[in-house]
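As structure tokens, the structure follows; a few thoughts come after it.
FYI, it's all coordinate maths here, none of it is from the lab. Everything quoted here is computed from the prediction, not taken from an experiment. Cβ placement follows ideal geometry from the backbone for every residue including glycine, while neighbour counts extend to all protein chains displayed.
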Amino acid sequence: MTVDDVSQYLCIGKNTVYELLHSNQLKGFRIGKSWRISKDALNLYIKRSSGLL
């Protein structure tokens with residue numbers, strides 16, 4: 001998923017997604033200048049943030 005996809009899915013701004021990536025709260029990787037986030041990494045972030053994990 002791209003940063004745009006994640007920001008729409010979580011209903012947060014793109015800058016917030018970048019902050020989560022840079023602080024390693026959300027795991028992602030770069031392809032060129034673009035960030036990519038796997039659905040598994042996003043689900044793990046959601047579980048950790050909500051206290052389910």
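Are any residues in region 3-18 more than 16 Å from Ile46 (Cβ to Cβ) and out of contact with any Phe, Trp or Tyr (no Cβ under 9 Å at 6 or more places or on another chain), and if so, which ones? Within region 3-18, Asp4, Gly13, Lys14, Asn15 qualify.
Name the one entry in Lys47, Lys14 that is at negative phi, within 10 Å of the chain's Cα centre (by Cα) and of a type in the set (Lys, Arg). Of the residues listed, the single one that is at negative phi, within 10 Å of the chain's Cα centre (by Cα) and of a type in the set (Lys, Arg) is Lys14.
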